[in-house]
Amino acid sequence: MTPFLLVIPLMAMQAPPVPLPEVKAKDLALAPRGPMPPHFRDAGFESGPMGLARRGARMGPSIPALQLPAGSVRVKDAIPDISGWRAYAIEVPGGGTVKAQVVEGRKGWFRVLGVNAWGREEAGLLQNRIHTGEPQATYKNPTPETRTIYFIVDTLDINMVGEAYTLEITRG
């Protein structure tokens, strides 16, 4: 029997992927600081009283952020208030990559923004300008030092307070 025929059964018997550990957002610690509000258009803005309340809730010195643990993880969370967004801080080592994607919930009603502490895009985040149709963002750290990046889960509708979703963080 040739060695090629022995490889085929081994390829068919690969183990299924290991599921990522799940954490609830209430179990995550607050980050030491959050990002400043980003300079992106609010896709859920309306001109009525609720829209003005949302706009007021989005103004401020920074967005409170939850600190993500090391490694890849799935975070179960819900939109906490009228602002319609939630920020997550993540430490990315030099040369490392990370992807944040909403994988459960009403995915079509969410978007994920990647920003630095000033609420702006920077090198390593610029590929997120290309719309993929999925609520996801990636970061590739181009520097040798560890950087703190923030992923913001944003809603595209004004009436989503309490809307549940699952955010998957995959490190490369």
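The values are calculated or read from the model by the stated rules, or taken from the named source; none is laboratory data. No experiment lies behind these values; they were computed from the predicted model shown. Glycine gets a Cβ as well: all are built from the backbone with ideal geometry, and neighbour counts include every protein chain shown. Calculation scope for accessible area: heavy atoms of the full protein, side chains included, ligands and nucleic acids excluded. Shrake-Rupley method; radii C 1.70, N 1.55, O 1.52, S 1.80 Å.
Which is of a type in the set (Gly, Ala, Ser) and either surrounded by 16 or more Cβ atoms within 10 Å (Cβ to Cβ) or modelled with pLDDT of 95 or more (or both), of ALA70, ALA57, ALA78, ALA53?
After ruling out the rest, the residue left standing is ALA78.
Check ALA123, ALA78, ALA87, ALA117 and return the single one that is more than 30 Å from PRO49 (Cβ to Cβ) and in contact (Cβ under 8 Å) with a residue 60 or more places away in the chain.
Of the residues listed, the single one that is more than 30 Å from PRO49 (Cβ to Cβ) and in contact (Cβ under 8 Å) with a residue 60 or more places away in the chain is ALA117.
Looking at (1) touching a helix residue (DSSP H, G or I) at 6+ places or on another chain (Cβ under 6 Å); (2) open to solvent by less than 20 Å² (accessible area, probe 1.4 Å); (3) not hydroxyl-bearing (Ser, Thr, Tyr), find the lone condition where VAL98 falls short.
It fails just one condition, (1).
Restricting the stretch 101-153 to residues that are aliphatic (A, V, I, L, M), over 14 Å from the mean Cα position of the chain (by Cα) and in a loop (DSSP other than H, G, I, E, B), which is surrounded by the fewest Cβ atoms within 10 Å (Cβ to Cβ)?
ILE130
Looking only at the stretch 13-50, filter to residues that are out of contact with any strand residue (DSSP E or B) (no Cβ under 8 Å at 6 or more places or on another chain), among the small types (Gly, Ala, Ser) and open to solvent by less than 90 Å² (accessible area, probe 1.4 Å); which one of those is farthest from ALA100 (Cα to Cα)?
GLY48
Would you confirm, using the coordinates I've provided, whether GLU168 is out of contact with any Gly (no Cβ under 8 Å at 6 or more places or on another chain), open to solvent by less than 50 Å² (accessible area, probe 1.4 Å), at negative phi and acidic (Asp, Glu)?
yes
Out of curiosity, is GLU91 open to solvent by 40 Å² or more (accessible area, probe 1.4 Å) and modelled with pLDDT under 95? Steps first, please.
On the way: open to solvent by 40 Å² or more (accessible area, probe 1.4 Å): yes; modelled with pLDDT under 95: no.
Here the answer is no, as GLU91 does not meet what is asked.
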